[in-house]
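Below: the structure, in C-alpha cells.
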Amino acid sequence: IPYKFPFEKNQFFSTLRIYTTMKSASLVTFLILRESLAFFPARTSPPLPKTMACQASLSPLDQGLESWASSSGYGRIEKSIPAGSSGWASFRKVTVAIPPSDDDGKPVSFFVKSSSRSCDEMFKGEALGLQAMYACSRYMPDDQTEKGNSLRIPKVFHYGDYSSGSNGSFLIMEYLNLAGRSDDYALGQAMARMHLAPPSDKAGNPNSSFGFNVDNTIGGTPQPNPWTKPNSGTKEWVEFFKTHRIGHQLNLAGDSYCSKLWDRDIAPRLELLFEDLMGEGKEIQPSLLHGDLWSGNIGSADGMPSVFDPAVYWGHHEAEWGVSCCLAFRDFSDHDLQMMLLL
C-alpha cells in the first residue's frame, strides 16, 4: 500500500481491514507488525567513542601495527599493502607518517610478516638471526682501510605476539627493493666479511661458542642449536657438527642403512678430517653463518649483494657452502667458490 510513513490512525485501520481479508493468517500477522512499527520510535544504541570504534574495526595485526608505530614515534600507519604469502605466513608492505631513515638518509618502509602461530614458534629465530647478520655484515677488519663489499641485510624493528588477546604474531623489518643476483665476486667478499666478524655480545654470542640463541628451522626442517662451551675450538665444532647437524638429519630421515654407516664407519673418524685444524693458532673459530645459502636465497638490494630466509647459527665458515653443493649450485664457477672460501 503506497502510504507515506508514519500513517495516520484512520489510514492504519483502513489498511488493516484490507489485510485481514487475506486468507493467510501468518502473512496478516507479519504485515500488521510491519505497519505498526511505524508508530514506535526506533531504539538505537549510543555510538562508540571514535577511538573505540576505530580499534573495533581493526584486525589484530592492524592493531599491533598501529600500537607499535605510535609507541615508536612513527605516527600512524599510512599504507598497509598485501605483498604475498607463503604456506606459513602472510606479507605486507607498510609505510608510516613519520618514517625513520636508513644509512643513506632515505625514508624507510617496512616489510611485515604475520602468522596465526606464536612468535617463539615462527619469528623469534628469524629475527635474532637477522639481527646477528646485520651486526656481523658491518664488521671492518683492523687491517682493512676501505669499506669494501658488505651484505645488505634488513634491519629488524620489532617482533612479538599480538597484544589484543588473539592468537598470532608478527615481525617488522626494513623493506628492501630486492632484485636478481649481483656479481659473485662482491657476494664472496661480503660473505667473507660476515664470516670474519668475531663473536660478540652485540652479535648474540658473547662466549665465543658454536650454536645459536634459539633453535630454528632450515626450510621446514627443525634445526637444533645448543651452545657449546665458551671459547670453543675445533674439537667442539666436530662434536656439534656430528651430533646436531649430520646425526640429527639422519635421525629425521629414519634410514637404518645410512644411520648404521654413519655410526659405525664415519662418525668415529670425523675428527681425522680436522687434524690439521687443531692446536694453537689453527683452531676453528665460530663464524656467523646464513645457514641455508642457495641460489633461491641470494639476490641484491640497492646494488649490494643480499641474502635472506636464513637458518642462522655460529659454525665453521666452510659449512656455509654445504647446502649450495648439495643443491648442485652450478651457477658459481670454481673460481668464485675458491674466492668465497679463501677471502
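Brief remarks follow.
- Scanning region 151-210 for residues that are surrounded by 15 or more Cβ atoms within 10 Å (Cβ to Cβ), among the aliphatic types (A, V, I, L, M) and over 23 Å from C119 (Cβ atoms) yields L151, A186, L187, A190, M191, A192, M194, L196, A197.
- Residue pairs meeting the criteria (Cβ under 8 Å; at least 6 apart or on separate chains; first free of Cβ contacts under 8 Å to residues at least 60 places away in the same chain, in region 157-185; second among the basic types (K, R) and open to solvent by 20 Å² or more (accessible area, probe 1.4 Å)): Y159/K124; N167/R117; S169/R117; L171/K113
- Taking the conditions (1) within 27 Å of V214 (Cα to Cα); (2) touching a strand residue (DSSP E or B) at 6+ places or on another chain (Cβ under 8 Å); (3) at pLDDT below 95; (4) open to solvent by less than 60 Å² (accessible area, probe 1.4 Å) in turn, D102 satisfies each one other than (1).
- Of residues in region 69-94 being assigned to a loop (DSSP other than H, G, I, E, B) and open to solvent by less than 60 Å² (accessible area, probe 1.4 Å), the one nearest to V112 (Cα to Cα): A89
- Among residues of region 61-88 that are closer than 21 Å to E121 by Cβ, those with a beta-carbon under 7 Å from a residue that is among the hydroxyl-bearing types (S, T, Y) and open to solvent by 70 Å² or more (accessible area, probe 1.4 Å) at least six positions away or on a different chain give the pairs G64/S163.
- Within region 105-126, tally of residues that are in a strand (DSSP E or B) and either in contact with an Asp or Glu (Cβ under 8 Å, 6 or more places away or on another chain) or open to solvent by less than 30 Å² (accessible area, probe 1.4 Å) (or both): 6
- Within region 217-249, no residue satisfies the criterion of being open to solvent by 20 Å² or more (accessible area, probe 1.4 Å), of a type in the set (S, T, N, Q), in contact with a Phe, Trp or Tyr (Cβ under 8 Å, 6 or more places away or on another chain) and more than 25 Å from E280 (Cα to Cα).
The values are calculated or read from the model by the stated rules, or taken from the named source; none is laboratory data. All of these numbers come straight from a predicted model, not from anything done at the bench. Using ideal geometry, Cβ is built from the backbone for each residue, glycine included, and neighbour counts are taken over all protein chains shown. Note: areas computed on protein heavy atoms with side chains; ligands, DNA, RNA excluded. Shrake-Rupley method; radii C 1.70, N 1.55, O 1.52, S 1.80 Å.
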